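This report concerns only the one structure given below.
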Amino acid sequence: MASLVSFLAFHFLFTIFQYSSLAANVNYNVQTLGAKPDGKTDSTKAFLSAWTSACASGQPATIYVPPGRFLLGTATFAGQSCKNQAITIQIDGTLVAPSNYNVIGNSGTWINFESVTGVSVIGGTLDAQGANLWACKNSGKSCPTGATTLAFYNSKNIMINGLSSINSQMFHILVYGSQNAKLVGMKVSAPGNSPNTDGIHVEKSSSVTIMNSKIGTGDDCISIGPGTSNLWIENVGCGPGHGISIGSVGWEMQEPGVQNVTVKSATFTGTQNGVRVKTWARPSKGFVKDVLFQHLVMVNVENPIIIDQKYCPGGQNCPDQVSGVKISDITYQDIHGSSATEIAMKFDCSKGNPCSDINLEDVKLTYKNKPAHSSCINADGKASGLVQPNNCLYN
C-alpha cells in the first residue's frame with residue numbers, strides 16, 4: 001500500500017512538473033498562425049498575431065520563425081499593454097522586406113519595437129532588399145528616405161543574439177531611448193557604396209553592450225548619438241564602412257551629452273575612419289567625455305584617429321560657426337596599424353571649446369611602411385609610452 005501511495009505521489013508530482021515546464025514557456029509558431037515561408041505571401045498579420053498572444057500570456061513566451069523566407073511589411077510590436085516581460089523571438093529563417101522599396105521606404109522603420117521590456121531576438125536574418133533604393137539615391141532621383149531595418153524605442157532589458165542584417169535601406173539596427181541592451185554575435189552587411197546604411201546606431205540610451213560582431217556597410221559601422229552613456233563595444237570587426245563614430249553631435253543648442261564610452265579590441269579594415277568624434281560647427285551645450293579607445297588594429301584606414309569639430313558631410317551649406325560641444329577625457333591606448341593617408345592622427349577641435357585631456361599611450365601608426373604624421377588644432381593633452389606619429393598635442 002505504501003509503495004502504491006509513493007507511486008501515485010510520484011506520478012502526481014511528475015505530472016505537475018511536466019505541466020509547469022510546458023506552462024513556463026508558451027510557443028507561438030508564425031507558420032501555424034498563417035505565415036508562408038515562400039518569400040512572396042505577406043505574413044505580417046501572422047507575426048502581429050503571435051505578438052498579441054505572447055503579450056497577453058502570463059508566462060514567458062517564444063515566437064518561433066521556422067526556416068524559410070517570410071515576407072514582412074512594416075510591423076510595429078508595441079509593448080505598452082504587454083503583461084509579458086519575457087518574450088523570445090527565435091528566428092531560424094529569413095524575414096524579407098517587400099522588393100518595392102516604396103512599400104516601407106517612408107515608414108521610418110521596417111521592424112519596430114516600441115516600449116517593450118525583456119524582449120530577446122535570437123538568430124535569423126533580416127533582408128531589407130535595399131539595393132534598388134540605394135541605386136535610386138545614387139542616381140540623384142527623388143526617392144523615399146528609406147527605413148531602418150530593426151529599431152527598439154523606449155525599451156528595457158533587450159537582447160539581440162546571433163542576428164544577421166543585410167542590405168538595409170537606411171540604418172540596420174537602432175537603439176533609441178532605451179536601457180540595458182545587449183547585442184552579441186551580430187553580422188551586418190551592406191556594400192561600401194550604400195548610402196546611410198549605419199550598422200548599429202545608439203542614441204539617448206544607457207547601458208548598451210555590443211560584442212563579438214562583424215559589421216560591413218556604407219556608413220558608420222557603429223554610430224553613437226546624443227544622450228548615450230555607459231556604452232561598451234568590444235571585439236568588433238569593421239569594414240567596409242566609415243568606422244566607429246561618436247556623432248554627429250552638437251546640432252541642437254540644448255542637447256544631452258555622450259559619456260562613459262569604451263571601444264576595445266576592434267579591427268578596422270579599409271574603412272574611411274577608425275575611431276572618430278564628429279561635431280557640427282554651431283552653438284551647442286552638448287559634450288563628449290570619458291571615452292576609452294583601447295587595443296585597436298587599423299588596416300589601411302584613411303583616418304585612423306580623428307576628432308572633427310567642423311563636420312559637414314558633402315561640404316554643402318555647412319554651418320560656419322564655432323562648435324559649442326566640449327570634448328574632454330578621451331584616451332587612445334594601444335592602437336596600431338596602417339593609415340591609407342599621410343595624416344593618421346587628426347584633432348581638429350573647436351577654438352571656442354578646445355579639446356582637453358586627450359591622452360595618447362602606445363600608439364603606432366604607419367603610412368606606406370613609414371611613420372605617419374599628425375595634426376592638432378585647439379587640442380591639449382599628453383602622451384606616454386611610444387607614440388607614433390609624433391605627439392602634436394599642446395601640453
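Between residues in the stretch 233-245 that are on the phi > 0 side of the Ramachandran plot and touching a residue at least 60 places away in the same chain (Cβ under 8 Å) and residues that are part of a loop (DSSP other than H, G, I, E, B) and not small (G, A, S), which pairs lie under 7 Å by C-beta distance while being six or more apart or on different chains?
Once the first residue is on the phi > 0 side of the Ramachandran plot and touching a residue at least 60 places away in the same chain (Cβ under 8 Å) and sits in the stretch 233-245, its partners that are part of a loop (DSSP other than H, G, I, E, B) and not small (G, A, S) give G239/T271; G243/D220; G243/C221; G243/T271; G243/Q272.
Please verify whether Y311 is under 17 Å from V258 (Cβ atoms) and open to solvent by 30 Å² or more (accessible area, probe 1.4 Å), treating the condition exactly as stated. Can you show your working first?
Working: under 17 Å from V258 (Cβ atoms): yes; open to solvent by 30 Å² or more (accessible area, probe 1.4 Å): yes.
It is true that Y311 is under 17 Å from V258 (Cβ atoms) and open to solvent by 30 Å² or more (accessible area, probe 1.4 Å).
Does I327 meet the test of being touching an Asp or Glu at 6+ places or on another chain (Cβ under 8 Å) and at pLDDT 95 or above?
For I327, the condition - touching an Asp or Glu at 6+ places or on another chain (Cβ under 8 Å) and at pLDDT 95 or above - is not met.
For the stretch 39-78, enumerate the residues that are open to solvent by less than 20 Å² (accessible area, probe 1.4 Å), under 19 Å from S107 (Cβ atoms) and in a loop (DSSP other than H, G, I, E, B).
Residues satisfying the conditions are S43, L72, G73.
What number of residues within the stretch 255-275 satisfy the criterion of being open to solvent by less than 20 Å² (accessible area, probe 1.4 Å), in a strand (DSSP E or B) and under 23 Å from A340 (Cβ atoms)?
Residues that pass the stated criteria total 6.
Taking the conditions exactly as written (among the basic types (K, R) and surrounded by fewer than 24 Cβ atoms within 10 Å (Cβ to Cβ)), does K285 satisfy them or not?
Numbers: among the basic types (K, R): yes; surrounded by fewer than 24 Cβ atoms within 10 Å (Cβ to Cβ): yes.
So K285 fits the description; yes.
Within the group N84, N102, which residue is open to solvent by less than 20 Å² (accessible area, probe 1.4 Å) and either part of a loop (DSSP other than H, G, I, E, B) or at pLDDT below 95 (or both)?
N84
Would you please name the residue that is most open to solvent (accessible area, probe 1.4 Å), looking only at residues in the stretch 126-149 that are of a type in the set (A, V, I, L, M, F, W, C) and farther than 30 Å from I89 by Cβ? Working first, answer last.
Within the stretch 126-149, the subset of a type in the set (A, V, I, L, M, F, W, C) is 126, 128, 131, 133-136, 143, 147.
Going one step further and asking which of them are farther than 30 Å from I89 by Cβ, we end up with 135-136, 143.
Working: A135: 59, C136: 12, C143: 37 Å².
Taking the candidates together, the pick is A135.
Taking strands (runs of 3 or more DSSP E) that do not extend beyond the stretch 294-395, which have at least 1 residues that are of a type in the set (F, W, Y) and either over 30 Å from the mean Cα position of the chain (by Cα) or farther than 22 Å from P283 by Cα (or both)? Steps first, please.
Numbers: elements: 303-308, 326-339, 343-348, 355-367, 373-377, 379-388.
Correct list: 326-339, 355-367.
Looking only at the stretch 214-254, filter to residues that are polar (S, T, N, Q) and surrounded by fewer than 24 Cβ atoms within 10 Å (Cβ to Cβ); which one of those is nearest to S165 (Cα to Cα)?
Ranking the candidates gives N235 first.
Find all pairs meeting these conditions: Cβ atoms under 8 angstrom apart; at least six residues apart or on different chains; first residue within the stretch 67-81 and touching a residue at least 60 places away in the same chain (Cβ under 8 Å); second residue open to solvent by less than 30 Å² (accessible area, probe 1.4 Å) and of a type outside the set (S, T, Y).
Hits for this filter: T74/I104; T74/W110; T74/N112; T74/A147; G79/C55; G79/F113; G79/V116; G79/V119.
From the residues in the stretch 232-254 that are assigned to a loop (DSSP other than H, G, I, E, B) and among the hydrophobic types (A, V, I, L, M, F, W, C), which one is nearest to the chain's Cα centre (by Cα)? It would help to see each step written out before you state the result.
If we filter the stretch 232-254 for residues that are assigned to a loop (DSSP other than H, G, I, E, B), which is where we start, we get 239-243, 250-254.
Subset that is among the hydrophobic types (A, V, I, L, M, F, W, C): 251, 253.
On the way: W251: 21, M253: 25 Å.
Taking the candidates together, the pick is W251.
The values are calculated or read from the model by the stated rules, or taken from the named source; none is laboratory data. All values derive from a computational prediction rather than experimental measurement. Using ideal geometry, Cβ is built from the backbone for each residue, glycine included, and neighbour counts are taken over all protein chains shown. Surface areas here come from the heavy atoms of the whole protein model, side chains and all, with no ligands, DNA or RNA. Shrake-Rupley method; radii C 1.70, N 1.55, O 1.52, S 1.80 Å.
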